1. Condition first: buried (at least 19 other Cβ atoms within 10 Å of the Cβ) and at pLDDT below 75. Now tell me which residues in segment 688-706 satisfy that.
2. Of the residues that make up segment 658-667, is at least one more than 25 Å from residue 109 (Cβ to Cβ) and surrounded by fewer than 15 Cβ atoms within 10 Å (Cβ to Cβ)?
3. From (1) surrounded by fewer than 19 Cβ atoms within 10 Å (Cβ to Cβ); (2) at negative phi, pick out the condition that doesn't hold for residue 525.
4. Report yes if some residue within segment 718-726 is surrounded by fewer than 19 Cβ atoms within 10 Å (Cβ to Cβ), under 25 Å from the mean Cα position of the chain (by Cα) and part of a strand (DSSP E or B); otherwise report no.
5. In the set 462, 435, 443, which member is part of a strand (DSSP E or B), in contact with a strand residue (DSSP E or B) (Cβ under 8 Å, 6 or more places away or on another chain) and closer than 30 Å to residue 377 by Cβ?
6. For segment 514-525, give me each residue that is more than 19 Å from residue 147 (Cβ to Cβ) and either assigned to a strand (DSSP E or B) or out of contact with any strand residue (DSSP E or B) (no Cβ under 9 Å at 6 or more places or on another chain) (or both).
7. Condition first: touching a strand residue (DSSP E or B) at 6+ places or on another chain (Cβ under 6 Å), buried (at least 17 other Cβ atoms within 10 Å of the Cβ), touching a residue at least 40 places away in the same chain (Cβ under 8 Å) and not in a strand (DSSP E or B). Now tell me which residues in segment 234-262 satisfy that.
């Protein structure tokens, strides 16, 4: 629906991006107060301020590239899942969906892994699962650049923050119903009730189903509910409590064979084909989250804010990756290029019938004091806080395709061109291992923006944290027919403890009240156990132990400019360097390293330019656009010892002692960009969007198995019609020209086809 029309109606309240009622930006010369540090206002796609209380200034005066995708932009484009949203933002690619915690979102941000760099309302959400729905989100914030000072350990390329809906002042109810191709069906409710006397109740709910466009069997089914209640909204003491639940029952996406030597997709292979077993494969997710936020204004300039959260994510996945030996209908093996004797045959191998049952729990307490004050002629916007968190992780891994005695079931070959994706053999779960992890983090931090005069500001931040975790891995006997089948065989304990110091500094010059130029420098620290579902290695004979290795270091330097035109259109431009100055690489065979620890000899760098525009060009014409150029390079990808002593153990040769050096960073496109624009014409709204991703390489840790991911351009369109002030319709067409492309490239031979054309019609009713 049109931003312009609904922004002027009570529905604007349903699109507010704050737990308190939105307020206008402070007029020039009029002092702000402490509560304004935690408020945000949306003008169409123009956003006034990030949601986190740690950001002391509006986006205009924040010396960092931050892209905010509002609920309006998501709804207009019918972007529902997190991957849908992030796929429209440049500089982001996706992995094949696997990780230490199992199947789920696998994100590369500006060349660096960001799987554990997702936060919800500023609180870490490190579980590995698929975030499929935005029904309870006000916005998605992409914070670019090394960012440990704000979000904690990790965040090498930046972090992704999800901003939740909560109760607020005002009455509004919005019901949306949608239907479309590929069995698309969706119903959502967003209802906020003002209970007077500063109290309010809000409930968001959703039911959804759809088949994946262009795929034979993959599907999504889910439902969710998220109530919240607020007290004291108009007073000095406020409290908000919220609960979130979502249940998913999906068929995982893995895709089809993909070999760069043959241009990616293979001849004779239909992108609709499913090479797993659709009657066995599944992904079941249950997410529960309880949050309480307490705020108290001691004075108009000093506010205390305390957040407490408990979250649990459970996921059961059974997957059959399309891995094995391929003999194409033309009679050759795409992996080797050699002729093969059995044309049109795929012999499965690798992870088939692999079951992962995971549970992540999180308990966190975060307390901040926010204050505005002056020291002499210098004005301060100051935030200081402490955070305590406890995360636990359980992973039960095994295989289903076994006989009752534990024998492996021979898997019959499939047709490459027309695979029979039904498993008819026995199913008996044989446990392979159990991993139990814990992670404790205690942090203290402070942020201050010093305003010297109307022209100059200095933004400072520092964070000190203690990060300590362990993983206990128990393996089980899987020998067929053994009397000890299913009994524990080994138990390995891995522990890691680090003290981390992160910081940032940004100098801001304001040539005009609505413009800023800035230069910023920040770092990130990544310990060997940066997330609860990741495990360090305690011992190694191949030079890969890392529990006792010092934290990795990355730095970001950024020179940028921001210009807000009439508080309705924000323009941004930045040049940056994001560099992993020290990352861990294997060090096998080093006589001076008998413990087999990895070394911090790796170096990689991304130089880039980012351009952005968000807001309204005219009253009727809005735009949301982003462009990114990334020049990535691995500077050193082996240890100093291996570089000086090449050989089989190190996987290098005297002629090529560092196979990775000079290569672009895996999963990093040089050019990418997106545009979404709408135009209002009386009751009609017309929208058009385009996303471009350039070519990029995917390869293993030693530079082998290079697979080029072909670039693509995808288009989308929208037409909206407002029948009256209450009722509106919206038609969306995704992948307008039905472009065939691939994402989530796996370097050992498979990729996920991009979604085919989909048409969805939605009706929105407001009362």
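1. Correct list: 703 only.
2. no
3. (1)
4. Restricting attention to segment 718-726, the residues satisfying the condition of being surrounded by fewer than 19 Cβ atoms within 10 Å (Cβ to Cβ) are 719, 721, 723-726.
Retained after the next criterion (residues that are under 25 Å from the mean Cα position of the chain (by Cα)): none.
No, the conditions are met nowhere in segment 718-726.
5. Of the residues listed, the single one that is part of a strand (DSSP E or B), in contact with a strand residue (DSSP E or B) (Cβ under 8 Å, 6 or more places away or on another chain) and closer than 30 Å to residue 377 by Cβ is 462.
6. Across segment 514-525, the qualifying residues are 515, 516, 517.
7. Hits for segment 234-262 are 252, 253, 255, 260.
Okay, residues lined up against (1) within 11 Å of the chain's Cα centre (by Cα); (2) under 28 Å from residue 365 (Cα atoms); (3) modelled with pLDDT under 90:
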{"residue": "70", "(1), (2), (3)": "no, yes, no"}
{"residue": "74", "(1), (2), (3)": "no, no, no"}
{"residue": "77", "(1), (2), (3)": "no, no, no"}
{"residue": "81", "(1), (2), (3)": "yes, yes, no"}
{"residue": "86", "(1), (2), (3)": "yes, no, no"}
{"residue": "111", "(1), (2), (3)": "no, no, yes"}
{"residue": "147", "(1), (2), (3)": "no, yes, yes"}
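The values are calculated or read from the model by the stated rules, or taken from the named source; none is laboratory data. What you see is a predicted model, and the numbers here were worked out from it, not measured in a lab. Here the Cβ is made from the backbone with ideal geometry for all residues, glycine too, and neighbour counts use every protein chain on show.
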